[in-house]
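Novice: My questions all concern the structure below.
The values are calculated or read from the model by the stated rules, or taken from the named source; none is laboratory data. Predicted, not measured: the structure shown is a model, and the values here were computed from it. In this analysis, Cβ positions are derived from the backbone assuming ideal geometry, glycine residues included, and neighbour counts consider all displayed protein chains. For accessibility, only protein heavy atoms count, side chains too; no ligands or nucleic acids. Shrake-Rupley method; radii C 1.70, N 1.55, O 1.52, S 1.80 Å.
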Amino acid sequence: MSVLGKLDWSAIPIDQPIPLAAGGGAIALMLAALGWVTVKGHWPYLWREWITSVDHKRIGVMYVVLALAMLVRGFIDAIMMRTHQALTVGGGSGYLPPEHFNQIFSAHGTIMIFFGAMPFMVGLMNFVVPLQLGVRDVAFPRLNSTAFWLTASGALLVNLSLVLGEFARTGWLPYAPLSERSYSPGVGVDYYLWAVQIGGVGTLMAGINIVTTIVKTRAPGMGYLRMPMFCWTALCASMLIVAAFPILTATLTMLTLDRYLGFHFFTNAAGGSPMMFVNLIWAWGHPEVYILILPAFGVFSEVIATFSGKPLFGYRSMVAATLFITVVSFMVWLHHFFTMGAGANVNAAFGIATSIIAVGTGVKIYNWLFTMYGGRLRFPTPMLWSLGFLFTFIIGGMTGVLLAVPAADFILHNSLFLVAHFHNVIVSGTVFGAIAGYTFWFPKAFGFTLDERWGKRAFWLSLAGFVIVFGALYIAGLEGMTRRLQHVAVAQWGPLLYVSVAGVAVMIAGVAAQITQLVVSIRRRDALRDDTGDPWEGRSLEWATPSPPPAFNFATLPEVGGEEPYWRIKERAIASQQERSASDYEPITMPRRSATGFVTAFFATVIGFAMVWQIWWLAALGLVCAYGAFVAFAWRDENEDTFSAEEVARIERARRGAAA
Amino acid sequence: MSVIAPRVPRAALALALAGLASGCSGASVLDPAGPVAEGNRANLLSALAIMLAIVVPTLIAIIAFAWWFRAGNPRAKHRPEFVFSGRIELVVWSIPLLVILFLSGVIWIGSHRLAPEAPLGPAGRALEVQVVSLDWKWLFIYPDEGIATVDRLVVPAGRPIRFRLTSASVMNAFFVPRLGSMIYAMNGMETHLHLQADRPGRYYGQSAQFSGDGFADMHFTLQAVPPPEFARWTAEIRGTGRTLDRTSYRALAQQGHAARGLAFGRVDPGLFGAIVTQAIPPAAGPKPAPGGQQVSG
Ligand code: HEM
Ligand SMILES: [Cu+2]
């Protein structure tokens, strides 16, 4: 083997126009962005204020930016799959040969789940939770930065596979034995393993950070049962991360050992058990779907309460339902393989356990409903996304319960009905929640609201597109069509596939409107400026600080007292802050910016890349350098900056001055 | 097969869904052609009916509440203090709970009645077919008739079929939508499935578990014929010269579709057992290619 392991010129797909163009385009775009930053001389600013920032708000924003970029990439994959498949009806060959089509659906799922939906949720939690808790920072700011950059590193590796080598052709969960070296000898599964492993470690760190922040650092007086609902769902989702991601790490490690060192955990031969892989991956995988949906539930709780002009109905009941879902989500994983022949008792038990989860979800839906009851409803964009969610998610939950009936799942498993189910809950659940949260908290992050007209257009187009695409796929599933077909042999499916392509076109318009909204809003930012810090008449503490909040969030920490609704807390918090004279402020110590996260992730990328291509010396070098970075970090002796009382007073007055 | 659902909504539902599926019954799971598929559909529709009973009112309530309590409606009573009601919470928890309780009955009974390993009808009447999923085709062995076919499954209509399944390499799922339940085929394992085609006809079948580059071509035809015709067909196949033994199996197990439509008049009776017990080692996969790629075949 050469110095560069398996890597040589043939890794670049010169003869394959689609990945080459896509990869080339992506690289050109990145170079253009880097060039622009260089020419404009923004590097020092970016480095100081963003890349090395340990401010949870900045990190939250970077998570969301990464997520938006990856959602677009994944969406392009989706457009290709749907159009290609429609072209193969009636014997056409489409434009994606199997080896590409299979990579595309694998990359689509991997990117959307790990690098789109997850970072979006983690980003929102990062940005919002400390503000809602009334604290100045997260528990582990540098760990937080490292977590983000590791996630970015994983995303980079996945996208690198576009131009160097290939990505997995196994689906987003690489079932053994297909993913073993004997059935997937290329580098695709290796890219998957290292990207997800590195990103997964980042996610685990983020989860640990958020759990600790919520458990340990709430504002004085904020008991658990006074936390906003979003903090509760963030806590539960992060606890799920902490409990479930180690399973993923272990499972992928075992598969890695199989592939690299000839172990036999999941192989056909030598006593390995592929079924064990399926069990383990879903023991992580089912909790994972609740990691994705719980924070979205939190967003909807905040948005619906705010725009109903009422506190959340049945708050304690909501908390109970969230905790209930958190616990039960670990007891249902077998519903993903009722068709593996486990026997009637086992299937029935897991089917019943699965449908029991729907009780918690049902309770939540009714409580949102009664939050609206007796309210004064306003319908700005975040509220529209929430109502769109309420309406469509019920259908997705219902089809989920249908799939939880083993005798029905026997004909729907791995069909397009299943595909429609999980898109129904992930798109109109997680993604709608993500966009609702993005629109809702954008003014908090940047000090101006997003354009309502384009926001509403984006909502209606996305909703319509979504219903058309996945309505058609539900029916196609009932028509017996299974997933992941590179070409279709049954002509009757044609019309449904054409309808779903039409829906995709509408969704493209929705995405375009969403992007336009951002561009238009930035252009019109002066007209859209919000100087109050509270554009929506919000009900929780994040609206009590100016927008964008100062680095230390709160000049004086709010006192949360009594059993009153948050709305009153907020009123008091603002009053108490505005009444202060300069002498009331105290110096504030904040963590100093640090390159640790970025440097660590850089070496993680090097290690991952080297391992994919089996460039052993480079992997070893990366490991040594990563260890060096850790030592250098451990030896630091100055790690905090202090704002003097006068500085705090000045910053606060400047921001409040704008509001006055 | 059991149905635990009120009559009327079920009939209405079936009608509505059949309407959706109208015209194209090619592979529809709502167009059952055998007792198992009927049972699957009955379970699906009863569960759907039970849930729609609460889902539909809830959907209506969402729209109604959102409309009525809009800020501009002077007639809507503003009740900002309405944030908790023990009675409502009780109802809110009990409704889903009761529905799920009801549904649990459907789940329990359905999974037992339709357990894939449960025989249909009296023992001894069923036709045994051994199924081996290969990259990327299906091998069907008829042990009692001593014949085997590739991607073509002919069975007598009205007679239960007892499938024993395994895989030569990676996982697949054996699925004939109009006959009902699917089941995984796995190397080194044996799974069981019982199906029956009530009427003669040609039914589309396919692998439902992704298995690699040639996966999309892993479809086959299940042809149900009247019993006398089945006897004629087996005799005809038996007359073809080809033999399926370990050597020809090894050639067959190579990746590709070349073997599609092949038939064997003689079969090594120990072959299926040898595959299940891995006495015949798992079949090979794709080969590594330069640039970190891989090629099938
Ligand atoms: C009411 C609650 C839900 C129930 C009862 C439910 C039930 C199920 C069942 C039984 C399956 C397996 C079906 C099969 O493979 O044949 C499934 C698949 C799936 N569900 Fe759900 N689900 C629910 C909510 C959710 C939520 C909230 C999400 C994500 C946000 C989600 C995401 C998924 C995904 C990603 C898959 C399959 C992925 C794959 O096979 O690649 N589900 N669901
Ligand atoms: Cu699940």
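Novice: Could you check which residue among B:Glu117, B:Glu145, B:Glu236 shows the biggest mean-square fluctuation in a GNM of chain B with a 10 Å Cα cutoff?
Specialist: Looking only at B:Glu117, B:Glu145, B:Glu236, the largest GNM fluctuation is found for B:Glu236.
Novice: Too long at a 20 Å Cα-Cα cut-off: which of A:Lys57/A:Lys364; A:Lys57/A:Lys456; A:Lys310/A:Lys364?
Specialist: A:Lys57/A:Lys364; A:Lys57/A:Lys456
Novice: Same structure, new question: Just the Cα atoms of chain B, one point each, no solvent: what log10 I(q)/I(0) does Debye give at q = 0.10, 0.16 Å⁻¹?
Specialist: With one equal scatterer per Cα and no solvent, log10 I(q)/I(0) is -0.67, -1.25.
Novice: Normalise the Cα radius of gyration of region A:296-339 by 2.2 N^0.38 Å (N = residues in it) and let me know the number.
Specialist: Compared with the compact-globule rule of thumb, region A:296-339 sits at 1.59.
Novice: Hey, in the GNM for chain B with a 10 angstrom Cα cutoff, which one of B:Thr166, B:Thr240, B:Thr58 fluctuates hardest?
Specialist: Maximum fluctuation in the GNM of chain B, among the listed residues, is at B:Thr58.
Novice: Given the DSSP H assignment, sum -39500 (n - 2.57) over each helix run of at least 4 residues in chain B and divide by its residue total; what's the result at 222 nm in deg cm²/dmol, nearest 500? Intermediate values should be presented prior to the final figure.
Specialist: Numbers: 6 runs with 102 residues, N = 297.
When only DSSP H runs of four or more count, the value is -11500 deg cm²/dmol.
Novice: In a Gaussian network model over chain B where Cα atoms closer than 10 Å are linked, find which of B:His192, B:His219, B:His112 has the largest mean-square fluctuation.
Specialist: B:His112
Novice: Sorted by average packing, counted as other Cβ atoms within 10 angstrom per residue and highest first, what order do A:387-399, A:408-420, A:640-652 take?
Specialist: A:408-420, A:387-399, A:640-652
Novice: Hey, got the average number of other protein chain Cβ atoms within 10 angstrom for residues in A:357-366?
Specialist: Per residue, the number of nearby Cβ atoms from other chains is 5 on average.
Novice: Another one. Check which residues have an amide H placed less than 5 Å from B:Ala185's amide H, if you skip close sequence neighbours.
Specialist: B:Asn172, B:Ala173, B:Phe174
Novice: Which value, in Å³ per residue, describes the convex hull spanned by the Cα atoms of region A:338-496? Don't skip to the answer; put the middle values down first.
Specialist: On the way: hull volume 23.5 nm³, N = 159.
In region A:338-496, the Cα hull volume divided by residue count equals 148 Å³.
Novice: As a test of understanding, state the convex hull volume per residue of region B:30-183 from its alpha carbons, in Å³.
Specialist: Hull volume normalised by residue count: 187 Å³.
Novice: Just checking the output field for B:116-127: average partner chain Cβ neighbours within 10 Å of each residue's Cβ? Spell out each step's value before the answer.
Specialist: Details: counts 9, 3, 1, 0, 0, 0, 0, 0, 0, 0, 0, 0.
Rounded to a whole number, the mean comes out at 1.
Novice: Placing unit charges on C-beta atoms (Lys and Arg positive, Asp and Glu negative, everything else neutral), compute the dipole magnitude of region B:123-276 about its Cα centre in debye, rounded to 20.
Specialist: 260
Novice: Assuming 1.567 mPa s and 4 °C, estimate D for region A:517-557 with Stokes-Einstein, Rh taken as the Kirkwood radius over Cα pairs, in µm²/s.
Specialist: Details: Rh = 11.6 Å.
Rounded to a whole number, D works out at 112 µm²/s.
Novice: For region B:277-290, in order, what is each residue's ³J(HN,Hα) by Karplus, 6.51 cos²θ - 1.76 cosθ + 1.60 with θ = phi - 60°, in whole Hz (x at glycine and Pro)?
Specialist: Whole-Hz 3J(HN,Hα) from phi for region B:277-290: 7, 6, 4, 8, x, x, 5, 7, x, x, 9, x, 10, x.
Novice: For region A:154-209 and region A:493-527, what is the separation of their Cα centres, given in Å?
Specialist: Spelled out, the Cα-based centre of one part sits 29 Å from the other.
Novice: Sticking with this structure for a sec: Just going by the charge dipole of the protein assembly as shown, with Lys and Arg at +1 and Asp and Glu at -1 on Cβ, which of A:Val431, A:Ala139, B:Thr166 is farthest out on the positive end?
Specialist: Most positive-ward Cα: A:Val431.
Novice: Taking one equal scatterer on every alpha-carbon of region A:18-82, how large is log10 of I(q)/I(0) by Debye at q = 0.22 1/Å?
Specialist: At q = 0.22 Å⁻¹ the computed log10 ratios are -1.03.
Novice: May I pose another question? List the extent of the Cα atoms of region A:98-198 along each of their three principal axes, largest first, rounded to whole Å.
Specialist: 53, 25, 20
Novice: Can you pull out the buried accessible area for chains B and A, both sides counted, probe 1.4 Å, rounded to the nearest 100 Å²? Write out the running numbers ahead of the final one.
Specialist: On the way: alone 16210 and 26590 Å², together 34440 Å².
The summed interface area works out to 8400 Å².
Novice: Further, regarding this structure: Could you give me the percent of Cα pairs per 10 Å distance bin for the protein assembly as shown, shortest bin first, beginning at zero and ending with the bin that holds the maximum distance?
Specialist: The percentages, shortest bin first, are 2, 11, 20, 24, 19, 13, 7, 3, 1, 0, 0.
Novice: What value does region A:309-406 have for Rg/Rh, both radii from Cα atoms and Rh as Kirkwood defines it?
Specialist: 1.09
Novice: Mind listing P(r) for region A:585-640? All alpha-carbon pairs, 5 Å bins, whole percents.
Specialist: Distribution as computed: 4, 19, 22, 17, 12, 9, 7, 5, 3, 2, 1, 0 percent.
Novice: Also: Each residue of region A:187-202 in order: what ³J(HN,Hα) in whole Hz does its phi give by Karplus 6.51 cos²θ - 1.76 cosθ + 1.60, θ = phi - 60°, with x for Gly and Pro?
Specialist: 7, x, 5, 5, 4, 4, 4, 6, 5, 6, 4, 5, x, x, 4, x
Novice: Applying the Karplus parametrisation 6.51 cos²θ - 1.76 cosθ + 1.60 with θ = phi - 60° to the phi angles of region A:351-363, what ³J(HN,Hα) value in whole Hz is obtained for each residue in order, glycine and proline being reported as x?
Specialist: With the stated coefficients, region A:351-363 comes to x, 5, 4, 5, 6, 5, 4, 4, 4, x, 5, x, 4 Hz.
Novice: Let me see the pair-distance distribution of region A:1-150: every alpha carbon pair, 5 Å bin width, integer percents in order.
Specialist: Answer for region A:1-150: a P(r) of 2, 8, 12, 14, 15, 14, 13, 10, 6, 4, 2, 1, 0 percent.
Novice: Would you pull out the residues with amide H under 5 Å of B:Gln294's amide H, same chain only if 5 or more places away, H placed 1.01 Å from N?
Specialist: B:Ala289
Novice: Share of Cα-Cα pairs in region B:169-297 beyond 16 Å, in percent?
Specialist: The proportion of pairs with Cα distances above 16 Å equals 73 percent.
Novice: Could you look at region B:129-241 and say what percent of its accessible area is carbon and sulfur, using a 1.4 Å probe and all protein chains?
Specialist: 48
Novice: I would also like to ask the following. Amide H to amide H under 5 Å from B:Val155: which residues, 5+ apart in sequence or cross-chain, H placed 1.01 Å off N in plane?
Specialist: Under 5 Å from the amide H of B:Val155 lie the amide H atoms of B:Gln223, B:Ala224, B:Val225, each far enough along the sequence or on another chain.
Novice: I'd like the mean, over residues of A:414-420, of how many other protein chain beta carbons sit within 10 Å of each residue's own Cβ.
Specialist: Average per residue, whole number: 2.
Novice: Need one number: % antiparallel among DSSP beta bridges in the protein assembly as shown, to the nearest 5.
Specialist: If we restrict to bridges inside the protein assembly as shown, about 70 percent are antiparallel.
Novice: Need one number: convex hull volume per residue for region A:167-250, Cα atoms only, in Å³.
Specialist: 95
Novice: Accessible area per residue, 1.4 Å probe, Å², for region A:187-238: what's the number?
Specialist: 22
Novice: From the square roots a ≥ b ≥ c of the eigenvalues of the alpha-carbon gyration tensor of region A:71-144, which class results: rounded (a/c under 1.5), prolate (a/b over b/c), or oblate?
Specialist: Prolate shape, in that a/c is at least 1.5 and a/b is the bigger ratio.
Novice: Continuing with this model, one more query. Any chance you could list the semi-axes, whole Å, largest first, of the equivalent ellipsoid that the Cα gyration tensor gives for region A:175-326, using √(5λ)? Each step should come with its number before you reach the end.
Specialist: Working: eigenvalues 316, 42, 31 Å².
They are 40, 14, 12 Å, listed largest first.
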